[in-house]
1. To make sure I understand the rule: partners must be lysines, Cα under 17 Å from the Cα of B:LYS185, and not fewer than 8 residues away in the same chain. Which ones qualify?
2. Given a Förster distance of 30 angstrom, what is the FRET efficiency for B:GLU46 paired with A:ALA93, based on the Cβ-Cβ distance and rounded to 0.05?
3. Given a cut-off of under 8 Å on Cα pairs at least six residues apart, what relative contact order in percent is computed for chain A?
4. Using unit Cβ charges (K, R positive; D, E negative) and no other charged atoms, how large, in debye to the nearest 20, is the dipole of the stretch B:122-249 about its Cα centre?
5. Could you pull out every one of the aspartates and glutamates with an alpha carbon less than 17 Å from that of B:LYS24, ignoring same-chain neighbours closer than 8 positions?
6. State the answer as a single residue: which of B:LEU249, B:CYS169, B:LEU213 lies farthest towards the positive end of the charge dipole of the stretch B:122-249, with beta carbon charges of +1 for Lys and Arg and -1 for Asp and Glu, about the Cα centre.
7. Kyte-Doolittle cut-off -1.0, length cut-off 30 Å along the helix's own axis using Cα: show which whole DSSP H helices in chain A pass.
8. Take chain B, mark every one of the GluC sites (Glu not before Pro) that falls in a DSSP loop and has at most 13 other Cβ within 10 Å, then report the longest stretch left between them, sites excluded.
Amino acid sequence: MWLFNSSVGKKLVMSITGLALILFLTFHMSMNCVALFSAEGYRFICEFLGANWYAIVGTIGLALLMVIHFVYALWLTLTNQKARGNQRYAVTARPKGVEFASRNMFVLGLIVVLGLTLHLFNFWAKMQLVELGGGVPGDGVDLIRFTFSKWYFVLLYLVWLGALWFHLTHGFWSAIQTIGWSNTKWFVRWKWIGYICVTLLILGFVGVLVSYFCYETFHWTFLSSLFGGLAQ
Amino acid sequence: MDKNISFTLRVWRQRGPKEKGEFKQYYMEDIPGDTSFLEMLDILNEKLINRNEEPIVFDHDCREGICGMCSLYINGHPHGPATGATTCQIYMRRFQDGDTITVEPWRSAGFPVIRDLMVDRRAFDKIMAAGGYVSVNTGGVPDANAIPIPKKAADEAMDAAACIGCGACVAACKNGSAMLFVSAKVSQLALLPQGKVEAKRRVKAMLAKMDELGFGACTNTRACEAECPKCVSISNIARLNRQFIGAKLSD
């Protein structure tokens, strides 16, 4: 089967799962942003998803995507290391046009996985997991307020989102290139589309984080009057 | 006139594929700036031979940038510091007086060292033999204008055909991938009507051979494109991916 034993097939699996995960993050970010405008709206979304069957199916699907993306990343990285040979260059230079992210995708991915573990512990373990066990899930807005009132969580989340930005800015155009939907003109277009979309995506996450941190720590009211949804 | 420079050369010496290699230092004095890099190595080799030492083994042939024989990884760059040039097109005026210049062979599992700076690049010939050609039925020579080819396709095919198969893409790649080479060789035929007939079989066979020979997978790092002496674009890799996926889906 060419998705297992050819280099392009393996890369295709990476790109399809990667793009699917970017799509998920887009939905996730949109739902997070509701918490800026309306606490009630955010509670409704939490309840709508909860531990209903479609949310369970979605979670399992996401977990599968993550696992496949990670296993293939590990597999490809190991075979690529082997292809590089045992003897390394004594002097290396980064040629022009080579991005930092493209050389460090695996390390960035590891940081993303670590951040995800923290995130699952902070939220998922107190919401869907509790509901699955038959308990009463934690309130979404309260969890946001609690988590982002702690400066160390905010810092860790910012590092996580920074790594995610680097990972996705390379990952987006790289995925399209692997599928083959690129040429000299579209390469530049995809790169711009990727940079703009991913920056907006990460800014959405950072916006919620920073707004709640400022509200909880400094009681900045202009943010709440701006959005009208903080901490109701 | 360029001025003369003196510098230290750190050269990788390795007696055979299985032997352990090491760097040896040579001090080069008063080398004119308009000496080419390979001529400079010739000067060094002449000195070594006169001293009854083994000369440094390195690949070279046409010395005008078209044969793809010269290699050499100089100061962290395949084919040295210039862009769009092969090692034989590098002149000593690019370096400064008192520099230390490190010269290494291509390093990749697909290109084992034969001796010193010479590596075995027969893997590329094997990939070509797997499908990098158009099967022809012999007969009368057809008229050149019998098959119309759009200018854009002809230009792109020509740009891909500029690949001289030197292996700088593999040497530059952190994954030891030969994707730029394979994609150029697939593209130069896939863009033309004569090559389209066997396009599917070709792309599958050449990629399978590349994987089989132990080259890595592409991570779109673009080091190959930046270091390619013929400036072959990674848009060829996109075409290779597109053709390979298309061929597999239509199986």
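1. Once the sequence-local lysines are set aside, what remains near B:LYS185 is B:LYS126, B:LYS196, B:LYS200, B:LYS204, B:LYS209, B:LYS230.
2. 0.50
3. The value is 33 percent.
4. My answer is approximately 340 debye.
5. Reachable aspartates and glutamates: B:ASP42, B:GLU46, B:GLU53, B:GLU54, B:ASP99, B:GLU104, B:ASP116.
6. After comparing all options, I get B:LEU249.
7. Length and hydropathy pass: A:7-37, A:53-84, A:151-179, A:184-218.
8. In chain B, the maximal stretch lacking such sites is B:65-251.
Quick note: the coordinates plus some simple rules give every number you see, no bench work behind them. This one's a predicted model, so the numbers in the text were calculated from it and none came from an experiment. Note that we place each Cβ from the backbone using ideal geometry, even for glycine, and neighbour counts take in every protein chain shown.
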